[in-house]
Amino acid sequence: MRISLILISFFLTVQIITGQDLNRRISLNIHNQSFEKTLRLIEDKSGIRFSYNPKNIPIEKKVSIQAKQMPVYQVLDRLLKPLEIRYFVVESQIVLKPGEKEISEFPSVTQEIRKSFTINGYVKEKSSGEALIGANIHTKDNKTGTVTNTYGFFSLTLPEKDYSLVVSYVGYKDINRQIRLNKDYTLEIEMEESARDIKEIEIVGSRLESELKEQQSGIMALNSRSIQQMPAFAGNPDLIRSLQTLPGIRSYGDGSSLFYVRGGNNDQNLILVDEAPIYNPSHLFGFFSALSPDAINDVMIYKDNFPPKYGGRLSSVIDVTAKEGNDQHFGFSGNLSPYMSYASAEGPIWKNRSSFFISGRLSTLNWLNYFARSYGSFNLWFFDINAKMNLIANKNNRIFLTFYTGKDVFDRITESSYRTFGVSWNNLAGTLRWNHIFNHRLFSNTTLIYSKYHYYLFLSQEQKDYWNSMIADVSLKSDLTWYLNPRNTIRGGVKVNYRDIDPGNVHNSSNDVTDIPEVSQYHSIEYDIYLGNQQQLRKKLLLNYGVRVPYWQDLGPATLYFFDANHKVIDTVSKSALLNYSSFIAVEPRVSISFEFSPNSNIKAGYSRMTQFLQTVSNSTGPFTSLEIWIPSGPNIKPQKTDQYSLDFSHFFSKPGLVFSADAFYKNFMNHMDYKDHADLLYNPLLEGELRFGKAWSYGLEIMLRKPEGKLSGWISYTWSRSWVHTPEVNEGKNYPSNFDTPDNVCIHLAYDTRNRWMIAANWMYMTGMPVTTPIGFFYNNGYTIPVYGSRNNDRLPDYHRLDISVTYRFNKPESRFKHSLVVTLYNAYGRNNPFSVSFNKVMKDDGSFIVPSDMNGKDERVPTLISVAGIVPSINYQFKF
């Protein structure tokens, strides 16, 4: 850890040493001394170091110079100009070169230190005032540039000169500004949407050429328009299903919001909404996403090369930026469908200074009771609310307030019992953020975060008896971005997080049951510090590096159980409140490098270390979000870690407008968590004794060809990957494929837009069947058929494939203020039955087909052995906006 911190500190420090030393004042009185001796004297007085080739520099030439408390750069100007010697910054040294010709790719030291000024400001959409994230700002010669951050802010430092500044963003008209840079400037840049000759779907919100230079391996982006354009379940646009079409991100299957990234488990994905974590991003067990696309401004997806500010998960970060609301005009939009409807409103609170956005969704599913009368009656509904408010206090301070809540309820009354039962879960999250600009180059963001998630299993709703698990946390973090110069952008910050976890306890309203075990709750606090730099080493060489250091503490009150080698309890200890009983510290270095070997091609490589202190335990192998229990690292559970290596190649074919990319990766998982056979995870105070630990690894190749612009747009992607597990106490110590090992994944997404009335879109997905453990034989005992199992995950379900089609008809002309359309969608258009479960406790019917004898719901109903979620799901949606 000490070595890592020293190296990172050194790399970040050397970027500023030269600037400080060249402004240092020194005094000299040199008469007829050799040039070499004069340089050594300047080194002694200033602390800087010179580098040069003695064959090209007249080191024996006699020179004279006098200076009294003069800045070093002026001394060098006076000394070197008569000798026709130029000097440049290379790392922490001053490099001397002969001749008049500019040979450096960057401005000289004199230009950079003495005559540089900064252009900063915000880029936003003209009609709404919404921040444009990832907009490209560069000089017309394209030699120097930057992109806007999450808040639309940018800063660019350049030598004094006249510039033609270009601002670009796909789907918007380019802006050209002529600037005489003889002072610092602050700009408010408003961009107008282009006519519909530029396609409204894009994967990345920046010019394709700039994307190849700026984007790191394993990082992609989506925005609200691209999400809403894709066919989705029941015709409702869905963030999670949009992610599942990207290479390296695989779906569990029909009706599921679970997704797996590069061999990682579902709980290794961190989903943030304006920096607040969302622990269960699903409605209706996963059929719908809990995040409304109408409330989304931008989504960044990180599969590797994680910036140092992100931590806590091993496989991916989904960073969602919510809409701020229109600060110019009031607007209203909505969607009506048989499954779910929503409405949104936005507008200025104080024009050009403050705005709001609020969106609400409500399920409309009760009509399904008509088709399920033989199963009893259902009470099935969900809702969510997204809201955001922002205020520009003054030119240097902005305030953002974000709120999210969502709830699901599913109850059922059976015909065989008087009692009711059901499940329910809810999310609550909010953030308060303060942006502050210290000066033209220093930007900060401070955030207060709250998030809470409950899961309820109702045992008897009439008596209000239920099982409940919960996780809640509150965090405070502060980030700084220092735009040091065009070559270096330094980002750092600190974070502190307090968390409470209830892994699941029964609440009995009548208190007539006394033998229900009580599971101890968890309390923890985490401190994080992180620092990184994006450094342009050469015109074609970009380096990103940094480190994150998390420190985790488990706190009382808690009851601890200690186990022997056979996982039997050998001791029980009680800890008092706030007493630290377990601590972990980790060092997470991250580095990536990008080389542009032609104007349209580049290659990127990266390494990142991630640590995860939280994990879910669940013995469910179904596609739906279910009884997942969050537990932290502690005396019996070591933090999970991963090392990931990646290599990426990208090429832009300018004439057809195609982007090709190929990403290779290898991941090594340490302290990988698994379960013993027939693990008991519910109502179990000794839950930690049911866990087994080992290692895992995954590797693969992701290929994607996409066309972001034009009437016909979309992409074709193919992923080949493998994911393996080795747990010494599981599967006789033999390697076995992970539960989400699917070697082949294909996705084809195409959209055709007439740019007037019609748009047709289609998705086709294919993936190898999921691994399952099937019996290798049966034996009979007292009339019962008992399966005999062999190796874990020794079999696979049938391969998965599905076609979704949507047709949109716009009733309005493109220039109309009131926009409304009709969307007809076929989910699983050719009715493929994709099984997610298989049962071997079966009997044979007279016709030779197999069934299982009961669905365990109180009636002797016959259910197919292979269980699928749904066949064809048609829907019709009416959407409007004004």
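The values are calculated or read from the model by the stated rules, or taken from the named source; none is laboratory data. Quick caveat: nothing in here was measured; it's all calculated off a predicted structure. No Cβ is skipped: glycine too gets one built from the backbone with ideal geometry, and neighbour counts run over all protein chains shown. Quick note on the areas: whole protein, heavy atoms, side chains included, nothing else; ligands and nucleic acids left out. Shrake-Rupley method; radii C 1.70, N 1.55, O 1.52, S 1.80 Å.
Modelled label positions at Phe779 and Ala393, each set 7 Å beyond Cα in the direction of Cβ, lie 7.4 nm from each other. Here the calculated FRET efficiency for Phe660 and Trp724, from their Cβ-Cβ distance with R0 = 30 Å, stands at 0.55, rounded to the nearest 0.05. If you sort the three axes of the alpha carbon gyration tensor as a ≥ b ≥ c, you get a/c of 1.5 or more for the stretch 278-413 and a/b no higher than b/c, which makes it oblate.
Remark: the Cα gyration tensor places the stretch 210-328 in the rounded category, a/c being less than 1.5.
Given a Förster distance of 35 angstrom, what is the FRET efficiency for Lys140 paired with Glu84, based on the Cβ-Cβ distance and rounded to 0.05? According to the calculation, E is roughly 0.70. Averaging Cα coordinates gives a centre for the stretch 141-187 and one for the stretch 462-507; these two points are 35 Å apart. Computed from point charges on the beta carbon alone (+1 for Lys and Arg, -1 for Asp and Glu), the dipole magnitude for the stretch 429-487 about its Cα centre is near 440 Debye. The Glu43 and Leu541 beta-carbon pair, evaluated with R₀ = 25 Å, returns a calculated FRET efficiency of approximately 0.30. Fully extending the segment from Phe653 to Ala605, taken as 0.36 nm per residue of separation minus the present Cα-Cα distance, adds 15.1 nm. The residues Glu192, Glu130, sorted by heavy-atom accessible surface at 1.4 Å with ligands and nucleic acids left out, run Glu192, Glu130 from largest to smallest. The stretch 289-359 and the stretch 767-815 have Cα centres lying 33 Å from one another.
Ranked by solvent-accessible area (1.4 Å probe, protein heavy atoms only, all chains present), the residues Tyr52, Tyr683 order from largest to smallest as Tyr683, Tyr52.
The heavy atoms of Ile399 present about 50 square angstrom of accessible area, all protein chains included, probe 1.4 Å. So which chymotrypsin sites (Phe, Trp or Tyr not before Pro) in the stretch 690-728 pass both tests, a DSSP loop state and at most 11 other Cβ atoms within 10 Å of the Cβ? The qualifying sites: there are none.
The spacing between the stretch 653-719 and the stretch 545-592, judged by their C-alpha centroids, is 27 Å. Could you tell me whether the stretch 563-681 comes out rounded, prolate or oblate from its Cα gyration tensor? Rule is a ≥ b ≥ c as square roots of the eigenvalues, rounded for a/c under 1.5, then prolate if a/b exceeds b/c, otherwise oblate. Prolate is the answer for the stretch 563-681, as a/c is 1.5 or above and a/b outweighs b/c. Note on Lys695: accessible area is roughly 100 Å² with a 1.4 Å probe, heavy atoms of protein only. The modelled label-to-label distance between Asp795 and Lys568, using points 7 Å beyond Cα along the C-beta direction, is 3.6 nm.
Less than 5 angstrom separates the built amide H of Lys323 from those of Ile296, Asn297, all sequence-distant by 5 or more or on a different chain.
Solvent-accessible area of Lys183, all protein chains in place: 110 Å² (probe radius 1.4 Å, heavy atoms, ligands and nucleic acids excluded). Seen from a random direction on average, the alpha-carbon convex hull of the stretch 456-537 projects onto 8.4 square nanometres.
Going by accessible surface with a 1.4 Å probe and the largest first, Glu729, Glu275 read Glu729, Glu275.
Converting phi to 3J(HN,Hα) with the Karplus coefficients 6.51, -1.76 and 1.60 and the offset θ = phi - 60°, the stretch 697-710 yields 8, 9, 7, x, 9, 10, 10, 9, 10, 9, 10, x, 10, x Hz in sequence order, with x at every glycine or proline.
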